[in-house]
Every structure is written in structure tokens, then in C-alpha cells.
1. Picking from Arg37, Arg12, Arg5, which residue would you name as being modelled with pLDDT under 55 and either in contact with a strand residue (DSSP E or B) (Cβ under 8 Å, 6 or more places away or on another chain) or outside the structural domain of Arg159 (by TED's automatic domain parsing) (or both)?
2. For segment 146-198, which residues satisfy the criterion of being touching an Asp or Glu at 6+ places or on another chain (Cβ under 6 Å) and surrounded by 15 or more Cβ atoms within 10 Å (Cβ to Cβ)?
3. Please find, within segment 107-164, the residue that is farthest from Val191 (Cα to Cα) out of those that are free of Cβ contacts under 8 Å to residues at least 24 places away in the same chain and in a loop (DSSP other than H, G, I, E, B).
4. Which ones in segment 54-85 are in contact with a helix residue (DSSP H, G or I) (Cβ under 8 Å, 6 or more places away or on another chain), in a loop (DSSP other than H, G, I, E, B), at pLDDT 75 or above and surrounded by 15 or more Cβ atoms within 10 Å (Cβ to Cβ)?
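The values are calculated or read from the model by the stated rules, or taken from the named source; none is laboratory data. Computed from a predicted structure; not experimentally measured. Ideal geometry is used to build each Cβ from the backbone, glycine not excepted, and the neighbour counts take in all protein chains shown.
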Amino acid sequence: MFIMRCAGKLERLLFVLGLLLLSIFVGAHLHRAILSRAALDTFKAATRIPTGHAPAVELVAAKPDFSLWAGKRIRDYEHSLLTPFAPAIGILRIPKIHLEVPVLEGNDDWSLNRGVGRVPGTASPGENGNIGIAGHRDGFFRGLKDVETGDTIELVTARGTETYLIDRIVIVEPDDVSVLGPRPHPSLTLVTCYPFYFVGNAPQRYIVQASISDSDRTNDRVERSDADSKITDKQQSTQGVVSEPATQSMVQIPDKEKTR
């Protein structure tokens with residue numbers, strides 16, 4: 001009888017302990033989901049255009065597809081959601097590989113865990129120049145292994161969406177920064193480590209370059225022409241003379257730029 005009573009108490013204790021562990025497990029997953037949702041809401045609010053300026057799109061990226069990601073990179077991404085972050089400067093989309101990722105300023109570890117980062121010293125979205133964007137080969141940029149010349153890349157900003165066509169894919173050494181230099185037309189240069197599945201520090205860099213599409217290039221010229229015309233009209237009405245238009249400042253590309 002004594003043994004049976006002890007066994008009954010032990011059974012009840014184990015049952016209660018099982019319920020407690022299950023509650024902790026469910027609570028942890030709910031907590032993570034709530035934090036992820038809160039992070040997304042913060043991102044959405046931070047990138048919303050002020051009242052009076054209707055945005056062409058909302059700067060909100062879809063939830064990542066982790067199917068190709070390394071386990072550690074998934075954990076680093078989820079951990080990054082718990083930290084406050086600055087608003088994204090754009091959303092990078094590559095329809096061919098179903099990629100949609102926020103573009104953040106800088107290429108530090110935190111930025112590249114949370115999204116992809118603009119390489120310092122390169123052009124910013126909306127500027128004429130070569131926009132360098134870095135990402136991890138075992139995270140957001142692993143799918144670059146499947147893109148080809150002719151595929152499209154979209155860069156979404158508060159101004160709207162610009163479409164680029166991939167025209168060059170090349171593998172370079174880490175100290176070859178020529179790929180970040182100016183190109184004949186406004187461009188994107190995506191940078192990640194290579195080989196994609198190398199164990200340890202990958203020795204090379206995988207470069208995907210794309211030039212703005214002809215239609216977007218034409219639209220950009222029209223918009224700039226309209227803007228210049230409005231400025232000229234305003235100067236004529238207020239001063240009676242037309243001032244010499246200001247020249248655009250040139251963006252200096254650093255001599256040395258390393259992307260990890």
C-alpha cells in the first residue's frame with residue numbers, strides 16, 4: 001500500500017511538472033512571436049511617410065524564408081529582433097529567388113543579421129551612382145547563387161520603386177574594391193562571401209551587379225526635368241532672373257572598402 005501511495009503521488013507530481021514545462025514552452029513561443037510582431041510594427045511605424053506625403057509603397061519586408069539559412073544565422077536574426085533598430089532606408093526585392101529584405105545603413109554584424117546593409121561610401125538610394133549592398137552568404141544572400149544576368153532587382157524607397165537588370169556576376173578577391181566604383185548608369189552592387197557553403201571564413205566575394213532599367217532611367221530624367229522647371233519658374237517669379245543651376249555634388253568612393 002505504501003508503495004502504491006508513493007507511486008500515485010509521483011505520478012501526480014510528474015503530471016504537474018509536465019504541464020508546467022508545456023506551459024513554459026508555449027509561453028516562450030508566444031513571447032517570441034509577440035516580440036517579432038512588435039519589431040515588425042516598430043519597423044512599419046518608423047518607415048511611414050509623414051502626413052501629407054502619400055507613399056508609393058510601405059517599407060515593410062515579408063518574413064524571411066529560412067529554408068536555405070544556416071541554423072546559427074536564423075538564431076542571430078531572431079535575436080536581432082529583440083534590439084531596437086533604426087528605420088530601413090529601403091526594401092530590396094529579387095523576384096527570381098523570392099527575396100524581400102530591409103536595407104539598413106552600414107555593414108556591421110547587427111545590420112547584416114537583421115537585413116542587408118548599404119556599404120559606407122557608396123551611393124545612397126535615390127542618388128545617381130553605384131549603391132553597394134552587403135549581406136550574409138548563409139542568410140539573406142544565399143539565394144544569390146541562383147540569380148542570372150537578365151533577372152530583375154527592385155529597390156523600394158519612400159520615393160517609389162526602381163527596377164534594375166542584372167548585367168554582371170563575378171567572383172573577386174576580398175580586397176578588390178573596383179566593383180564598388182562608379183558605373184555608366186545608376187547601379188546596384190550586391191556583395192556576399194563565396195563559396196556559399198564554405199566551412200570557415202570564405203576566401204572570396206560573390207558580386208552581382210545590376211543597372212537601372214531603361215524605363216526607370218527615362219522616368220528619372222523626366223522627374224528631374226520637371227523639378228528643374230519648377231525651380232526655374234519659382235526663381236523667375238520671385239527674382240525676375242534665372243540663377244545658374246547648382247551642380248550635383250559628387251560622391252567619393254573610398255579607395256579601400258572591405259565587406260565581411
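1. Working: Arg12 fails: modelled with pLDDT under 55; Arg5 fails: modelled with pLDDT under 55.
That would be Arg37, the only listed residue that is modelled with pLDDT under 55 and either in contact with a strand residue (DSSP E or B) (Cβ under 8 Å, 6 or more places away or on another chain) or outside the structural domain of Arg159 (by TED's automatic domain parsing) (or both).
2. Result: Leu155, Glu162, Thr163, Ile166, Val177, Leu180.
3. The selected residue is Gly150.
4. Those that are in contact with a helix residue (DSSP H, G or I) (Cβ under 8 Å, 6 or more places away or on another chain), in a loop (DSSP other than H, G, I, E, B), at pLDDT 75 or above and surrounded by 15 or more Cβ atoms within 10 Å (Cβ to Cβ): Pro64, Trp69, Leu81, Phe85.
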